[in-house]
Amino acid sequence: MVFSSVLFLFRFFPLFFLLYYLFPGRMKNVILFLGSLFFYAWGEPVYVLLMLFSTIVDYTHGRLLERFRGRKAAKGILLSSVVINLFVLCFFKYADFLVETVNVLTGSSLPLLHLPLPIGISFYTFQTMSYTIDVYRGEAKVQRNLLDFGVYVTMFPQLIAGPIVKYRDVERRLHQRNVDLLSISAGLKRFCIGMAKKVLLANQMGELWVLVSGMNSREVSATTAWLGIFAYAFQIYFDFSGYSDMAIGMGEMLGFSFPENFNYPYISASVTEFWRRWHISLGSWFREYVYIPLGGNRKGLLRQLLNILIVWMLTGIWHGAGWNFLLWGLWFALALMLEKLFLGKLLSWLPKVVGIFYTILVVLIGWVLFAMESLAGGWEYLSAMAGMTGSILDREALYLGRQYMVLFLISLAASTPFPHMLAGALEKSRTGMGIALYRFGEKLIPAALLLVSIAGIVEASYNPFLYFRF
Amino acid sequence: MGEKRNALVTVSLILGIILMLTIGDFISEDRLFSETENRILASKPAFSAEALFGGDYTEKFETYVTDQFVSRDKWIRIKTYTDVILQKQEINGVYLGADGYLLEQHLPKNYTVAQETKKIDLLEVLVERWNAMVMLVPTADNILTDKMPAYAPYYDETRLLSQVEERIGEERCVDVYTMLEEHAGEEIYYRTDHHWTSLGAYYGYLAWAEAMGIPAEGYGKEGLETVTKDFLGTLHSKVNLEMQGEPIQYFPATVSRPMTVTYDLRNTSDSCYEKSHLDTKNKYAFFLDDNHAFVEIDTEYHNGKVLFVIKDSYANCFVPLLIPHYEKIYVMDLRYFNGKLFEFMEKYEPEEGMDVLVLYNCIHFLEEFVYL
């Protein structure tokens, strides 16, 4: 079930929250757990067992870690937990990729498994790992209540697309949380804004990208190629951050406070900054559980560069089982290493706008690698962007630019903190007019966005059949 | 305190929207059929354990809920208007042109040289065997270029037409393109439909008569009579914007003498126009009773001449104009015919031979022209 669907908005959402608010205190976790299982099972009736398996395995490991705390066995238990989690993740996500690689390298023809990827597996395995590692390190208390732990793993708002919530971030709230009118109101507004990002911006930009990526890269003009990759950049940002907003918003409605996942990444003045603003919960997971344990920046420059390389290769491959994702990770590793070596210093001397342009360029090239499954396809697309097709601007680009200009401008504005700052300025303004405008807007804008989003969701299924087509 | 009140208003507003729509959705009855989309909507799937674990129950249920969502048509319209506000000029494969014209989009990449060649090969065989005349009508996007959105891509049909001319010879081709281009300022295409109007067909007829080297009947622009003023065609269905209906006209002179029209060898009628369709959505079906595999028209013009037309729906409003020139007109729509075309034609060919006319719009020719 996706959030941006009639089914979710007008069946699951009202029913779930009605029950959730009606039932008292401790029962809320039962509702949340069962609701989440239903939510997941709707699309994945079989894989829900896998998720429950993960839950029980990590719960047990947590209990064992507690029992053997300080003893040698603890390390083995932690290792067992990490191995099981990674095995589950690798088996379902990377098995065919590995088989294909082996086949290519050795000329063998091992059969592919063709397992469908369990939704959200990359997210919830990372969450459960954070739990056992933190319990081992003594940074989180063990969870003795299986239901509370189950709620943590299966919670539907962030189950499918994050943010990756570390156990200790929600530890306290798992058994005690307050929901009041203010948090419901804030959560609902956040939810509506996220929905609008997804339905009104991401989906529309996605249409443009589908159009451009469907063209022959050896023929498109440079302008068309740039329009296409900008569209993709906006699509992936609004899709992902919109989903995070919806998750965070619903988290608030439940009484949780999930970590932020995006912080206007496209205004970054360096790639280092970009990764502090993009998919923050993943970045911080890798920093905490891979980069720092590897020594981070405390073991000399060379070791730091190596650590960056390792972390971003993993980041790349985490996004999908394909060479292009690995390359995408390496591309960022390269930029980050150069920034550590000298580029970062250089950029800090230059005007900020240079850094922003440089970052956007690196990120856009990254998106080409990310979006194009084959390396040859990626290379062709980059060549088109460089004008190697011999055509810089053509009718097509003019037409598409004209069609999507307004959406581009809205997307651009929505990628900056400007709308937020405007709202803040109005709120703090001393004039009655400004405050009135703010009060009015903060209520009506989310509601209006929700209505238009619903129209977008319903329209997506518009399917006129034209019998007199001929 | 003020903060709390604010929150209460926000919560009631947003939850109110969701709850009201949920309740409204439960109250509203399921529809079997959507007029706007002209299709049967999904109905509630039967629940069973197999359906659930077999995998398609949840999917079907989701389609059902979405198809039956309360005020579905209104939501779709809201979305379309948002697109218009966002300055989009293309919706569902239809260009929103100037002066209220909707024009069907034909992207150049969808029509390849290979496809053109394949169809022309097929056409060439037919022309050689039957000495047929070929009339390929350009679509609105090629002729009403000033109505098209700026820089809007379209498949250039002159590429096809010049190839056809080259292969089968100029004398076998009716140059409709030039004729329509000359009259591009007139109402030769519908605003809400992908067909040409009776006036457009009339200019096509003039081009045909010229190519045949025979004098044209003087139908004249003033000979047109309006039969309905609220036609909303297929392109309107695709974009679903609020639009005014437009007239459908015909030439009463074409039915000045009695005739017998036989549809699919079964049903006969005394006119090539069927007024009953004017009360339905599909008003263009007024011409030749919509699409039939095979239509025979027996006229009262006893000149012994026979015409065999192989056509698409563009011909429906055109064929009646030919009535004064033939004693018998056979009309064949290849989409509904599975037999061997030449054998079939031979059965209907009189001793002294017959004229054969191939009439398609360029796009339908590329997409649909095929025979055994």
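None of the figures in this text is laboratory data; all of them are computed from the coordinates on show. Source: prediction; values computed, not measured. Virtual Cβ from ideal backbone geometry, glycine too; neighbours counted across all protein chains shown.
Quick check: pseudo-label points 7 Å beyond the Cα along Cα→Cβ at B:D156 and B:S269, how many nm apart are they?
4.1 nm
Taking the DSSP beta bridges in the protein assembly as shown as the whole, what percent of them are antiparallel, to the nearest 5?
60 percent
Dipole magnitude of region A:6-177 about its Cα centre, charges +1 at Lys/Arg Cβ and -1 at Asp/Glu Cβ only, in debye to the nearest 20?
Computed charge dipole of region A:6-177: roughly 860 debye.
Report ³J(HN,Hα) in whole Hz for each residue of region A:431-440, in order, from the Karplus equation J = 6.51 cos²θ - 1.76 cosθ + 1.60 where θ = phi - 60°; Gly and Pro get x.
6, x, 4, x, 5, 4, 4, 5, 4, 5
Can you tell me, using C-alpha contacts under 8 Å and at least 6 residues apart, the relative contact order of region B:106-368 as a whole percent?
Result for region B:106-368 is 20 percent.
Take every Cα pair under 8 Å in chain A that's 6+ residues apart, average their separations, divide by the length, and report that relative contact order as a whole percent.
16 percent
Which of A:K28/A:K141; B:K147/B:K221; A:K75/A:K166; B:K79/B:K238; B:K229/B:K281 have a Cα-Cα distance over 18 Å?
The answer is A:K28/A:K141; B:K147/B:K221; A:K75/A:K166.
Need one value for A:43-50: mean number of C-beta atoms belonging to other chains within 10 Å of its residues' C-beta atoms.
Other-chain Cβ atoms within 10 Å of each residue's Cβ, averaged: 2.
Where does helix B:113-130 land angle-wise versus the long Cα axis of chain B, in degrees 0 to 90, nearest 10?
Between the helix axis and the principal axis of chain B, the angle is about 30 degrees.
Taking every residue in B:68-81, how many Cβ atoms of other protein chains lie within 10 Å of its Cβ, on average?
So the per-residue partner count for this stretch is 5.
Evaluate the relative contact order of region B:253-302 (contact order divided by residue number), counting alpha-carbon pairs under 8 angstrom at least 6 apart; express in whole percent.
Relative contact order of region B:253-302: 42 percent.
Whose amide H sits under 5 Å from the amide H of A:A140, counting only residues 5 or more places off or on another chain, with H placed in the peptide plane?
A:V135
For a quick check, take a GNM of chain B with Cα springs below 10 Å and name the residue from B:E90, B:E274, B:E37 with the largest mean-square fluctuation.
Of B:E90, B:E274, B:E37, the most mobile in the Gaussian network model is B:E37.
Sequence neighbours fewer than 8 away in the same chain don't count; with that in mind, list the aspartates and glutamates whose C-alpha is under 13 Å from B:K74.
A:E459, B:E35, B:E37, B:E242
Say a paramagnetic label sat at a point 7 Å from the Cα of A:L110, along Cα to Cβ; which residues of region A:304-321 have their backbone N under 18 Å from it?
Counting backbone N atoms under 18 Å from the label point, the list is A:321.
Size of the dipole of region A:105-219 about the Cα centre, Lys and Arg at +1 and Asp and Glu at -1 on the beta carbon, nothing else charged, in debye to 20?
320 debye
Per residue of region A:247-264, what does 6.51 cos²θ - 1.76 cosθ + 1.60 with θ = phi - 60° give for ³J(HN,Hα)? Whole Hz please, x for Gly and Pro, Karplus curve as stated.
Running phi through 6.51 cos²θ - 1.76 cosθ + 1.60 with θ = phi - 60° gives 5, 5, x, 5, x, 4, 5, 8, x, 9, 10, 7, x, 5, 10, 9, 9, 6 Hz.
Non-local amide H neighbours of B:V134 (under 5 Å, H modeled in plane, Pro and chain starts lacking H): which ones?
Amide H to amide H, under 5 Å and 5 or more residues apart or across chains, B:V134 pairs with B:C173, B:V174, B:V358.
Restricting to DSSP loop positions (anything but H, G, I, E, B) with no more than 10 other Cβ atoms inside 10 Å of their own Cβ, which chymotrypsin sites (Phe, Trp or Tyr not before Pro) remain in region B:248-308?
none
What is the set of long-range amide H partners of B:T228 at a cut-off below 5 Å, with H atoms built 1.01 Å from backbone N?
Distant-sequence amide H within range of B:T228: B:I248.
Which is farthest toward the positive dipole end of chain A among A:S374, A:V212, A:A436, measuring Cα position about the Cα centre, with Cβ charges +1 (Lys, Arg) and -1 (Asp, Glu)?
Result: A:A436, furthest along the dipole toward the positive end.
Along region B:62-74, what does the Karplus equation 6.51 cos²θ - 1.76 cosθ + 1.60 (θ = phi - 60°) give for ³J(HN,Hα), rounded to whole Hz, x for Gly and Pro?
For region B:62-74, the Karplus curve yields 5, 4, 4, 4, 5, 4, 9, 4, 4, 6, 3, 4, 5 Hz.
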